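The values are calculated or read from the model by the stated rules, or taken from the named source; none is laboratory data. Note that the structure is a prediction, hence the values are computed from the model and not measured. Here Cβ is always computed from backbone atoms with ideal geometry, including for glycine, and neighbour counts include all displayed protein chains. Ligands, DNA and RNA are excluded from the accessible area calculation, which covers all protein heavy atoms including side chains. Shrake-Rupley method; radii C 1.70, N 1.55, O 1.52, S 1.80 Å.
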Amino acid sequence: MLVLGIESSCDETAAALVQDGSGVLSNVVASQVKTHRGFGGVVPELASREHLRNIGYVVRQALADAGTEGRDIDGIAVTQGPGLIGSLLVGLSFAKAMAFSLKKPLVPVNHIEGHIYSAFIENPEIEYPLLALVVSGGHTSLIYSPASGRYQSIGRTRDDAAGEALDKIAKFLGLGYPGGPVIDRLSKNGDAGRFAFSIPKISDGSLDFSFSGFKTAALRHIQLRGIKPRHPGSRISNTILDLVASYQQVIIDTLVRQTHKAASRLQPRSILLVGGVACNSLLRKTFKRVFEEECRNGENSPSVRVYYPSLLLTTDNAAMIAAAGTPKLCRPAPPDLDLNASADLRLC
Ligand code: KG4
Ligand code: ZN
């Protein structure tokens, strides 16, 4: 089954051709980083405009890279939500028009389910039940899946997403946009033990996350020490390096601790680390160490395995949307041309 995936939920316009749910024939991503960099964050109106400008080219390029044409595909999978409504509408309207004109089936995909499927593309052997930590600029959620297509929400952020927390402090310190990859890189040269951050206790025993307190604590450290944002091109001080390393460390500790609690309760066979923040090198290393090595030493369930996608499939892309849409297209239905985008679409 050859599926065209289309993704436009935030600031990446993406299209991909995927064969049978895992053979990526093409994967085109037009990033808007340059457009939003000067603002230190995504400007929704500019994002919609860029999607409009790029969508036709991106889809044509994805078909060309795969050496195929619209009439050869078996169906279209498109992100319905969650995301920025204006951005979502561009991809969804384009997909509906294509499905109508080519007389092809069209299925909506939840962006979070797309991220979960991103791990399956290179690891079709992943076993259920699985526990997924979906961690990005817009989401931080723990999802339990006992079987394909069935999801239970185990925990979610009560305020900022982890990526948003990284991006905001990087912006405040003048380190660049998006902040997550910059903090990942800079933290390698910082002392993560220098600045103290206390981890909030969520007293109802839930597996939710909270990151906004870390942001406030980081701003307090900045004020107390009179740390000035970096001027473009100037050297980054050791104090800033130590601060971002400590800040990244407490965010990672929080992600690992809640996932560990969930894994102990639910005993999954597989743990998936997905979403843009899953690119983080220390987070990847820590997940492998905590969940696979400790497990081999008899600390956790007998044989849990950790999976994360390669970097290109970890940040927003359309291959993951096509992969998530493939099982849905196996039950063919006429294209639903009344399909609408939903900014806060829930997975479960
Ligand atoms: O999944 P994604 O591309 O878009 C959303 O669905 O939000 O994730 C983007 C987020 C941004 O917050 C970015 O700073 C973060 O992923 N990110 C990283 C790294 N690479 C991207 N965060 C930490 N370390 C990285 N290496
Ligand atoms: Zn995403």
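Here are the numbers for this structure:
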quantity: Among the residues listed as D184, D204, the single one being more than 23 Å from G226 (Cα to Cα) and touching a Leu at 6+ places or on another chain (Cβ under 8 Å); calculated: D184
quantity: Near pairs, Cβ below 9 angstrom, 6+ apart or cross-chain, from segment 126-139 (near ligand 2 (Cβ under 10 Å from one of its atoms)) to any residue that is open to solvent by 40 Å² or more (accessible area, probe 1.4 Å) and assigned to a strand (DSSP E or B); calculated: H139/R156
quantity: Residues satisfying the stated conditions in segment 140-155, i.e. over 15 Å from I252 (Cα atoms) and in contact (Cβ under 8 Å) with a residue 40 or more places away in the chain; calculated: I143, Y144, S148, G149, Y151, Q152, S153, I154, G155
quantity: Number of positions in segment 301-348 that are open to solvent by 30 Å² or more (accessible area, probe 1.4 Å), more than 16 Å from ligand 1 (Cβ to nearest atom) and either modelled with pLDDT under 95 or closer than 20 Å to G81 by Cβ (or both); calculated: 15
quantity: Of the criteria (1) in contact with a Gly (Cβ under 7 Å, 6 or more places away or on another chain); (2) away from ligand 2 (no atom under 16 Å from the Cβ); (3) in a strand (DSSP E or B), which one M98 fails; calculated: (3)
quantity: Residue under evaluation G91, criteria (1) within 14 Å of ligand 2 (Cβ to nearest atom); (2) open to solvent by less than 20 Å² (accessible area, probe 1.4 Å); (3) part of a strand (DSSP E or B); (4) not β-branched (V, I, T), criterion not met; calculated: (3)
quantity: Any chance E69 is away from ligand 1 (no atom under 16 Å from the Cβ), under 24 Å from P178 (Cα atoms) and loosely packed, with under 15 Cβ neighbours inside 10 Å; calculated: no
quantity: Which listed residue, of L46, L25, L52, L17, is under 17 Å from L102 (Cβ atoms) and either assigned to a helix (DSSP H, G or I) or in contact with a helix residue (DSSP H, G or I) (Cβ under 8 Å, 6 or more places away or on another chain) (or both); calculated: L17
quantity: Filter result for L224 (out of contact with any strand residue (DSSP E or B) (no Cβ under 8 Å at 6 or more places or on another chain) and open to solvent by 60 Å² or more (accessible area, probe 1.4 Å)); calculated: yes
quantity: Residue count, segment 144-201 (criterion: in a strand (DSSP E or B) and within 16 Å of ligand 1 (Cβ to nearest atom)); calculated: 2
quantity: Segment 264-283, subset surrounded by fewer than 24 Cβ atoms within 10 Å (Cβ to Cβ) and in a helix (DSSP H, G or I), residue nearest to ligand 1 (Cβ to nearest atom); calculated: C279
